[in-house]
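Here is the structure we will look at, set down as structure tokens.
Just so you know, all these numbers are worked out from the coordinates, no wet-lab data involved. Keep in mind that what you see is a predicted model, and the values were worked out from it rather than measured. Quick reminder, even Gly has a Cβ in these numbers, built from the backbone with ideal geometry, and neighbours come from all protein chains shown.
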Amino acid sequence: MKTFNSKIKIAALLCGISSLSLSALPGEMKDTGSSGAGQNRIEIKDFAFNPPTVTVKSGEKVTWINRDEEPHTVVSVEKQFKKSSALDTDQEFTITAGAPGTYTYYCSVHPKMTGTIVVEK
Amino acid sequence: MSDYISHDHEHDGIDRRGFLKCMAWAGTGVLWTVSGGVLVSKTLAQIAKAGKPVPATDLSFLQISDSHIGFNKAANKDVTETFKIALDRINAMPTPPSFLIHTGDITQLSKPEEFDTFDQVLKSCRVKDVFFVPGEHDVLNDGGKLYRERYLKSVEGKGSGWYSFNKNGVHFIALVNVLDLQAGGLGQLGDEQLEWLEDDVKGLGSDTPIVVFAHIPLWTVYPQWGWGTSDSERALGYLKRFGSVTVLNGHIHQVLQKVEGNVTFHTAMSTAFPQPAPGTAPSPGPMTVPAEKLRSMLGLTSVQYKQGNTGLAVVDSNLS
């Protein structure tokens, strides 16, 4: 039991460290570089971001996954967060939502594809 | 099989059946012949079948497009092989074309190894003179740096890689419309390139035949799928005074043609996989047909453009 408790403590500690490191600077969104799957998942399918608008809380992760046979990118229109590299089929890209605001993005390969992230406090 | 056009609602010389026949054409190339300043196209399958040399003309060249080396999904698990078949057809021509143009999407993901494979396979082609323009798949992560290092060695590329050259009195213009694309927009040439274009054609006589090539169509094919170029009108404005302008594009993996005054717009087949006709699928992604059907369809259908005709003539040339 003692070992188990220690593990929980270590896990809690690690979580604390990681949430600290993930807190984004005001006014920007941060690329976490991980594939941490939260409920804020945006599927790229049939050359569209689905859902096209996602509302999240500041500090939450947002993950895109490409379900097309075509490469797509995720690029902030106002360059407010780091752009993804070209995502091949089933590849993911994750950012952590920064300061509250509305962030529009598009696919730089197929610029007709646009989407919006609304970040709330 | 008959070759006539049964339904031509758009008066564009192509019906749905003819259109689907065009789809059978992946893996082939189009031979363009400049004769008296007007371009005429024939498929390689047709030329190979005829077994006769191409009639003596001022100039002949060949367009290949959308090789997508590295693509390995259901629509074609071996795009390198179909690219090879296209080159075999070129090598089998009784009279080789003077040069090739590749209208972009050499690779699927702009990877160095994909470019390597393309270059290696291209060596088997007996036509060594090849002119390129990039597709969006060739400039995915580096703004086209790798593409330019590899494919602009024999030309004086300006800006993001546009250039022009002359062959037998024909002025060729290679444009780049796949970079710095704006959110919500289409393909784009940009001010710098347009200013260069205006200057480039300034000194040319209006009787100079012009051939423009670029990846994304320079006419609005289907904006809902991004099949067009936002500032192409301005480019075409600079070319208005010329008696013969031919615009050759790729990107949409199917043959479409439009004639507007002295300008003929034409899109080429891919050597990799077909894409759906505008608006006929949820998206313009790769269209899957059975693999054995894709292979057997190679060279089955040809498309001709002849002087005086405003539309495409789609002709069966089943080699099996």
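Answer rounded, prolate or oblate for the stretch B:180-221, using the Cα gyration tensor with square roots of eigenvalues a ≥ b ≥ c: rounded when a/c is under 1.5, else prolate when a/b is larger than b/c, else oblate.
On the way: a/c = 3.71, a/b = 1.77, b/c = 2.10.
Note, shape of the stretch B:180-221 comes out oblate.
Excluding residues fewer than 8 places away in the same chain, name every one of the aspartates and glutamates whose C-alpha is closer than 15 Å to that of A:K79.
Correct list for A:K79: A:E28, A:D31, B:D180.
Counting other beta carbons within 10 Å of each residue's own, what order do B:T80, A:T114, B:T271 fall into, fewest first? Write out the running numbers ahead of the final one.
Values: B:T80 21, A:T114 17, B:T271 30.
With the sparsest Cβ surroundings first, the list reads A:T114, B:T80, B:T271.
By the scheme Lys and Arg +1, Asp and Glu -1, what is the net charge of all other residues having a beta-carbon under 10 Å from that of B:V178? If you can, show how the numbers build up before the last one.
Details: positive: none; negative: B:D105, B:E136, B:D138, B:D180.
Spelling it out: positives minus negatives among the neighbours equals -4.
Could you line up B:L294, B:L140 from fewest to most neighbouring Cβ atoms inside 10 Å?
Details: B:L294 22, B:L140 25.
Fewest-to-most ranking of B:L294, B:L140: B:L294, B:L140.
Please compute the net charge surrounding B:G70, taking Lys and Arg as +1 and Asp and Glu as -1 over other residues with Cβ under 9 Å from its Cβ.
On the way: positive: B:K111; negative: B:E113, B:E114.
Around B:G70, the surrounding residues sum to -1.
What does the charge add up to near B:I252, with Lys and Arg as +1, Asp and Glu as -1, over the other residues with Cβ less than 12 Å from its Cβ? Walk me through the intermediate numbers first.
On the way: positive: none; negative: B:D66, B:D105.
It works out to a net charge of -2.
Can you tell me how the stretch B:55-113 classifies by the Cα gyration tensor, rounded, prolate or oblate, using a/c under 1.5 as the rounded cut? Display every interim value, and only then the final one.
Details: a/c = 3.38, a/b = 2.06, b/c = 1.64.
In terms of gyration-tensor shape, prolate.
What order do you get for B:127-136, B:100-109 when each peptide is scored by the mean count of other beta carbon atoms within 10 Å, highest first?
Numbers: B:127-136: 21.7, B:100-109: 25.4.
Output ranking for B:127-136, B:100-109: B:100-109, B:127-136.
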